[in-house]
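A.B. asks: First the structure, which I've put down as structure tokens, then a few questions once you've had a look.
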Amino acid sequence: MHLRLELEEVDQAAPGRSPATYIYAARALRDFGDGFVAVLLPVYLTAIGLGPFKVGIAATLALLGSALMTLGIGLIGARVDQRKLLMAACGLMIATGLAFAVSSTYAVVLLVAFMGTINPSSGSVSIFVPLEHAVLARSVADTDRTKMFARYGLIGALAAAVGALASASPDVLAAMGVSRLAALKAMFVLYAVLGAIGAWMYARIPAEPAPVESKPVAALGPSRGIVYRMAALFSIDAFAGGFAVQSLLALWLFNKFGMSLAAAGVYFFWSGVLAAFSFPVAAWLSRRIGLVNTMVFTHIPSSICLIVAAVAPSLEVALALLLVRAALSQMDVPTRSSYVMAVVTPPERPAAASVTSVPRSLAAAASPAMAGALFAAGFEAWPFVICGALKILYDFALLWAFRHIKPPEER
């Protein structure tokens, strides 16, 4: 009854538009920006004179800063209008893009990486995610929740794929006589513009109704134990993933195979397209074998492909394996988001999304610097082997720990 009344208020405030419509549009803009930034970040940092280890440090600080901000956002997300918080996050995105565009000093780069919204990974790891998840989860019934998260992921991944393709834009600008560094900085200006448009989208989300409770509610209550267990396991997965974030994967392709920026953009575009269309497949599969089984049994083959790609003898073989990995590795994203929202109570959703995301970001923050050190030492295949092996261990642990905890639609 409460959900029905809430949806009726939304419909009255914005006829023909649900909050999901604006969140989908804002995420598409943000992930388009993240798509080209993830590829261009190592190129830009190399252009200003930084080596692989310093690139890894910048990626680590970006993930660490995102983790700390995501924790704060999640803890206050149930008490503060989530629309206002999303608009404030867009303001930070604008500031991040402009700061990169006007300064190339290493200290400033590190500061902006830590305090801004730059995303060096291929997934959507940011302060936006817990807020968007909470808004989306309350707008649909349990039976449609995974499908909705699959649509959310599909839109974001397709936008990120187009963004990766757009990473070749600096080469186009350079051919027109613009200096390479200026062309790279122009892309960060575009990133800031996307943040401004995203803020306008979030502003159109209807304001949340005033809470009925007069006293503060704990961020996490009866589901605390489940959330903490999920957070611990998800952090293992994220730590592993940090060894193969998209920026470092791009650096590996540039260094080992001499891949051009244009070719890398094409590869990351198709990688993103495959990941995008795996999301509705994941929703379909989860209805047949369950959310946890879908997470595990699609993840393991993708990790094996990454390990084999790390020692592939040629660029063609490596790219083929990486594309197979792309088609499988993100199928746990909508299913994981749906599962987290399903096994906690509605008031706990912002905190649950945050608490399960923050350890992931903290764990992921440590590994890019370690991967950068391995790169600098000449062990360029090892980060991907470590990533794949750790992810396989995580999958078996997840299956064992949560095989009996079912979401409402599976009971």
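The values are calculated or read from the model by the stated rules, or taken from the named source; none is laboratory data. For clarity, every value in this text was computed on a predicted model and none was experimentally measured. All Cβ positions, even for glycine, are placed from backbone atoms using ideal geometry, and neighbour counts span all protein chains on display.
A.B. asks: Please list, ordered by residue number, the helices (runs of 4 or more DSSP H) wholly in the range 313-379 having 2 or more residues that are modelled with pLDDT under 85.
C.D. replies: It comes to 349-376.
A.B. asks: Tell me yes or no: at least one residue of the range 359-373 is farther than 23 Å from Ser247 by Cβ and out of contact with any Pro (no Cβ under 9 Å at 6 or more places or on another chain).
C.D. replies: no
A.B. asks: Something else about it: Tell me which residues, restricted to the range 138-161, are basic (Lys, Arg) and either part of a helix (DSSP H, G or I) or within 12 Å of the chain's Cα centre (by Cα) (or both).
C.D. replies: Arg145, Lys147, Arg151
A.B. asks: Being at pLDDT below 85 and of a type in the set (Phe, Trp, Tyr) narrows it down to one residue among Phe32, Phe100, Phe36, Phe53; which is it?
C.D. replies: The conditions single out Phe53.
A.B. asks: Name every residue in the range 141-161 that is crowded, with 18+ Cβ neighbours inside 10 Å and β-branched (Val, Ile, Thr), in order of residue number.
C.D. replies: Thr146, Ile155
A.B. asks: Find the residue count for the range 356-386, including only residues that are out of contact with any Gly (no Cβ under 6 Å at 6 or more places or on another chain) and under 28 Å from Glu132 (Cα atoms).
C.D. replies: Adding up the residues that qualify gives 10.
A.B. asks: Would you confirm, using the coordinates I've provided, whether Ser286 is within 18 Å of the chain's Cα centre (by Cα) and assigned to a helix (DSSP H, G or I)?
C.D. replies: No: the conditions fail for Ser286.
A.B. asks: If only one of Ala58, Ala38 is more than 15 Å from the chain's Cα centre (by Cα), small (Gly, Ala, Ser), crowded, with 22+ Cβ neighbours inside 10 Å and in a helix (DSSP H, G or I), which one is it?
C.D. replies: The conditions single out Ala58.
A.B. asks: In the list Val333, Val344, which residue meets the criterion of being aliphatic (A, V, I, L, M) and surrounded by fewer than 24 Cβ atoms within 10 Å (Cβ to Cβ)?
C.D. replies: Only one candidate passes the filter, namely Val333.
A.B. asks: In the range 237-263, which residues are among the small types (Gly, Ala, Ser) and surrounded by fewer than 23 Cβ atoms within 10 Å (Cβ to Cβ)? Steps first, please.
C.D. replies: In the first step, residues of the range 237-263 are kept if they are among the small types (Gly, Ala, Ser); the result is 238, 240-242, 244, 247, 250, 258, 260, 262-263.
Selection gives Gly258, Ser260, Ala262, Ala263.
A.B. asks: Continuing with the same structure: Show the residue pairs that are 6+ apart or on different chains and have beta-carbon atoms under 6 Å apart, the first residue being within the range 176-199 and among the charged types (D, E, K, R), the second being surrounded by fewer than 20 Cβ atoms within 10 Å (Cβ to Cβ).
C.D. replies: Arg180/Ala174; Lys185/Ala101
A.B. asks: Also, I was wondering about something else. Can you confirm whether the range 16-29 contains a residue that is at negative phi, in a loop (DSSP other than H, G, I, E, B) and either at pLDDT below 90 or in contact with an Asp or Glu (Cβ under 8 Å, 6 or more places away or on another chain) (or both)?
C.D. replies: yes
A.B. asks: Restricting to the range 347-379, and then to whatever is of a type in the set (Gly, Ala, Ser) and surrounded by fewer than 22 Cβ atoms within 10 Å (Cβ to Cβ), can you tell me which residue is nearest to Phe402 (Cα to Cα)?
C.D. replies: Within the range 347-379, the match that is nearest to Phe402 (Cα to Cα) is Ala366.
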